[in-house]
Amino acid sequence: MALFAPDPAKRTPSSQESLLVDYLFRLENFKKGRRALQVNLSKLEPQNKREQHIRAAASSFEPMVKRGDGQLFTLTNSDLIFVFKSEADDDVQAVVTRLRFMFADDSLLLDDIPGVREQFCFWYEIARDYEQLLERAKSLADAEEMKRKQSENVGSQFASPQQRQGGIPLTPELLGRIEDALSQADLSNLVRRQSVCAIVGRAAPQQVSTELFVSIADLRATLIPNANFTSSPWLFQHLTETLDRRVLSLLSKNDDRSLTQDFSVNLNVATLLSPEFLKFDDNVRSASRGTIVIELQKTDIFYDLSAFMFARDFVHERGYRICIDGLNHQALRFVDRAKLGADLIKLVWSADLPEILANDVEREKLTHLILERSPGRMIMCRCDTVEAIQLGQSLGLTLFQGRFVDQRLYDITQQGLRAKRLGRR
Amino acid sequence: MALDPTTAGREYVTQEKLLRDTVERLGKDPVDWLAVQVHLSRLLPSNRTEAKMRIALRMFDQLASAFRSQIFVLSSQDIVVLGKDMRQADIEEVIDKLRTLFKLDPLTFYDYGNESQFYQWYDLGYGYNDFFDICTQMVRLADERKARPAGPVLDQLTPRSLATALKAVAAIDMGPYVHRQSIVGFPEKNRGTLAFQEFFVSMSDLERAISADTRFVGSRWLFDHLCQMLDLRVLDAVKRLPQACLSKMISLNLNLTSLTTPAFAAFLDWCQGRIGLVVEVQTMDIFNDFAAYFKARDILHARGHRILIDGQTHLSLRMVDPSLFGADLVKLVWTPELPAIIEDPSGDSVRHILDSIGMDRLVMSRCDNEKSIVWSLERGISMFQGRFLDSMMAAVTMSKCEKSGGCTLAQCTQRRGVVSGRTRAECPNPPMVDHQPDIRTGRS
């Protein structure tokens, strides 16, 4: 009996193989009622396992992935591994039948006898075969990583200085691959929550709202580490739109009761004008809409102001509020919340802010600006130290978000729980 | 006898037809029946996108449950609500919401009592025949619309097709796709003279050259990425142009990310002592990275060049004050409804912003008729760009050109708009194709 020490830090989660390993780790306490299917596309004849064949085969699982029945991994050797809940067994069988038909003329299938001589696919009962599958996944991941390191070493000799500095630039090809990966990935692992709290003086933080977001950093780490998004800002914006749709469908399907109200979500203007948003809107209780905030990026807003204004008026009519996300103290000067008709603004904390505001003129400017823009509608975000809170409060702000805020909230909740337990005895 | 399949008895099931049939049936007793037609088809084209119409229709959702009314979404995009004993107030509430959604469209600029352009009520108890005639007419129009063949279904730009397009573009010489357009300044009210020339890539020509079936539509972000990748190619193409092609002052549309590349620095060196440069930047590029904008502006100013903020509309001027960016020039986009919008009391803030930018820093672009120039001159704007000016300059050139007898104005204008290729070579008097004459208007 081996003791598995899940240590994601050891492995740079960049491949489907390592994603599979991490997924299996998470399943350790949920083995019952799950199965896995391995489709041995790698064993097909060369002309039958080109990229379009793999993609076609993988897309057969898409409806189930979207429904949350399972997660698909397309390994580097082209094998597919689909881990799913047993309830979906019939659907998976149907897909396998379809795939068998798709590759019917390949010699692998001619040699295959379902139930007797399985060549094309292999079934795992997670409860029974967990360790075997995990071992297999780990060795595949190790092999893949070694191969990748080798090619990286070769590649980096030829990388331009810009590339070596800034990492891999986002190209259309890379974007295409990321989008394919996204359509198959179970994003619920990547959706993070962060609390927005009112912190007045030294009083305990009062939770006001929860922001749901897909951590771009995590996404980058899982899909393409070292990716440089800044040299291709427009491709990056396109990617966020793709993400939006996935997040919306996640939210529409969600059965997490804590997510029915008092939350905010990052979306693009284009997404607000899409049928997906209308579907999401249908699923939201009308009473909850007033507590849901839609966060928009300034780049996106100014991309097409007419579309923004239309979308803004529409979501306002439905009862939602709009927040302009991610403004630093310079951007605040140019983005007028009231003129844009937005309800809230997020001001970004950065470690160099105290130094900048040590200058009286700068401090005066910012204080004045905050007053003009209504401090009650401003949230200071990315507060990862107590300094952020102190500075924010000195500027007249009361709403905060960030790692420090989450930590404080957690500490206080723990204190409260302990007090309760003590009280009970 | 065989029927002509294109015309004989062609009946389409359209909402117009359903409406007319319904109205026909209630003709026996039309008392207490009301109808209202909301003329969404009269909105500006930019307000009639699929997304906006979908959302507009959603505003009628609250009526759907009221079984007293039926909603017809006509193929013209108009909406007709029909019902017996309907509560007018309910419908008016929805129309109010629509009015708010489309509050920047001139169709909603009416005063109380003058709403008939936007919507129209019909009391069928009194005006049944009139309304039935209208319905019949709409059926005919709908059938005509359906009989017209739909445009070809075009492939949208995807990351993969973009990658393919980029590879194709890398292999092409950009020269033939570089176009130019003059910006004309009016130092006096009746004399226009060349201020500078904008050089740009004709994306429609390029699109045709690359692929027969992928169009550069779909995600605008992907399209913008394509344009960004073309920046450095354009610099190259400009450097290779013969001296005669280039005016003393040129402008180029560039992404901020391109302005910090070694290639651009080299281009600035090349410009030294040769030409003056105006770099045109997009608003969203600026908002994406303010620091990059200011850095770029300073780089340009240090070398004696200028920066221009492109694409300002009456809408954008309400949201942000371009004078905050300290640009040398600001380009406005002319649209036919601009005078109405600016002269309306609600346009006060816009007029104020134009003043704070400074009328002498404004360029009015997309001037495709005389009104755009006359109105702007009256307001104190003195720089213009657009098809109308292109034609004027071509006309003046032709009047001076002894070999222009066999040319049309359209040909001359077209030849002057490109910098290489067969079209340009067709000009019988090559030195004149680059001639930039002063133009005189009859006004003072």
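For B:Arg191, nonlocal amide neighbours, meaning residues 5 or more places apart or on other chains whose placed amide H falls under 5 Å from its own, are B:Thr441. Counting only DSSP H runs of at least 4 residues, each contributing -39500 (n - 2.57), and dividing by the residue count of chain B, the helix-based mean residue ellipticity at 222 nm comes to -13000 deg cm²/dmol. Take the Cβ atoms of A:Gln93 and A:Phe25, set R0 to 22 Å, and the FRET efficiency comes out at 0.20. An ellipsoid equivalent to segment B:372-444, defined through the eigenvalues of its Cα gyration tensor, has semi-axes of 26, 13, 9 Å when rounded to whole angstrom and sorted largest first. For segment B:180-292, the fraction of C-alpha pairs farther apart than 26 angstrom is 29 percent. Full extension of the chain between B:Leu315 and B:Arg160 gives 52.4 nm of extra length, using 0.36 nm per residue less the Cα-Cα distance.
Taken over segment B:265-354, the ratio of Cα radius of gyration to 2.2 N^0.38 Å equals 1.27.
With 0.36 nm allotted per residue and the present C-alpha distance subtracted, the A:Ala217-A:Gln407 stretch has 66.4 nm of extension available. Modelled spin-label separation between A:Arg363 and A:Gln52, with each label point placed 7 Å from Cα along the Cα-to-Cβ direction: 6.7 nm. Coordinate range of the alpha-carbon atoms in chain A per principal axis, descending: 78, 64, 44 Å. Taking θ as phi - 60° and the Karplus parameters 6.51, -1.76 and 1.60, the scalar couplings of segment B:408-422 work out to 9, 4, 4, 5, 4, 4, 5, 5, 6, x, 10, 10, 7, x, 5 Hz in sequence order, x denoting glycine and proline. Of all stretches in chain B that contain no GluC sites (Glu not before Pro) in a DSSP loop with at most 11 other Cβ atoms within 10 Å, the longest one is B:12-401. Here's how it looks for B:Glu280: its modeled amide H is under 5 Å from those of B:Leu252, B:Asn253, B:Leu254, B:Leu308, which are all 5 or more places away or on a different chain.
May I ask for the angle, rounded to the nearest 10°, between helix B:387-400 and the longest principal axis of chain B, with both axes built from Cα atoms and the value confined to 0 to 90°? That works out to roughly 50 degrees.
Give me the net charge of A:Asp282's neighbourhood, meaning all other residues with Cβ under 14 Å from the Cβ of A:Asp282; Lys, Arg count +1, Asp, Glu -1. Within the 14 Å Cβ shell, the charges total +4. Rounded to the nearest 10 degrees, the inclination of helix A:126-158 to the longest alpha-carbon principal axis of chain A is 70 degrees.
Rounded to the nearest 5, the antiparallel percentage of DSSP beta bridges internal to the protein assembly as shown is 55%. Please list, by residue number, everything in segment A:401-415 whose backbone N is under 16 Å from a paramagnetic label point 7 Å out along Cα→Cβ of A:Gln206. In segment A:401-415, the label zone of A:Gln206 (backbone N under 16 Å from the point 7 Å along Cα→Cβ) covers A:401, A:409. Inter-chain Cβ neighbour count for B:279-291, averaged per residue, equals 5 (cutoff 10 Å, partner chain atoms only). Derived value for segment A:274-418: Kirkwood hydrodynamic radius 16.8 Å. Basis is the mean of 1/r over every pair of different alpha-carbon atoms.
Karplus-derived 3J(HN,Hα) values for segment B:371-384, using 6.51 cos²θ - 1.76 cosθ + 1.60 with θ = phi - 60°, are 4, 4, 7, 4, 4, 5, 4, 4, 8, x, 7, 10, 10, 9 Hz; glycine and proline are entered as x. With the convex hull of the Cα atoms taken as the outline of the protein assembly as shown, the averaged projected area works out to 51.2 nm². Diffusion coefficient of segment B:281-410 by Stokes-Einstein, Kirkwood radius over Cα pairs, 37 °C, 0.692 mPa s: 200 µm²/s.
In this simple spin-label approximation, A:Ser231 and A:Arg285 carry label points 7 Å from Cα along the Cα→Cβ vector, and these lie 5.0 nm apart. Segment B:262-332 and segment B:123-187 have their alpha-carbon centroids 32 Å apart.
Considering only Cα atoms, the convex hull volume of segment A:240-342 works out to 101 Å³ per residue. Taking 7 Å steps out from each Cα toward its Cβ at A:Leu110 and B:Asp173 produces label points 5.3 nm apart. Taking amide H positions as modeled 1.01 Å from N, with prolines and chain starts lacking one, the residues under 5 Å from B:Met249 and 5 or more places away or on another chain are B:Gln197, B:Gly276. Residue order for A:Tyr303, A:Tyr130, A:Tyr410, fewest other beta carbons within 10 angstrom first, comes to A:Tyr410, A:Tyr130, A:Tyr303.
Can you tell me the orientation of helix A:233-253 relative to chain A, as the angle in degrees between its alpha-carbon axis and the longest Cα principal axis, to the nearest 10? Result, in degrees: 80. 3J(HN,Hα) couplings calculated from phi for segment A:26-41 with the Karplus curve 6.51 cos²θ - 1.76 cosθ + 1.60 (θ = phi - 60°) are, in sequence order, 5, 7, 3, 8, 10, 6, 5, x, 10, 10, 9, 10, 10, 9, 7, 5 Hz; Gly and Pro show x.
In plain terms, the chain from B:Thr100 to B:Lys371 could stretch by 94.6 nm, reckoned as 0.36 nm per residue minus the Cα-Cα distance.
Quick note: the coordinates plus some simple rules give every number you see, no bench work behind them. Just so it is clear, the model here is predicted, and its values are computed rather than measured. So basically every Cβ, Gly included, is an ideal-geometry build from the backbone, and we count neighbours across all protein chains shown.
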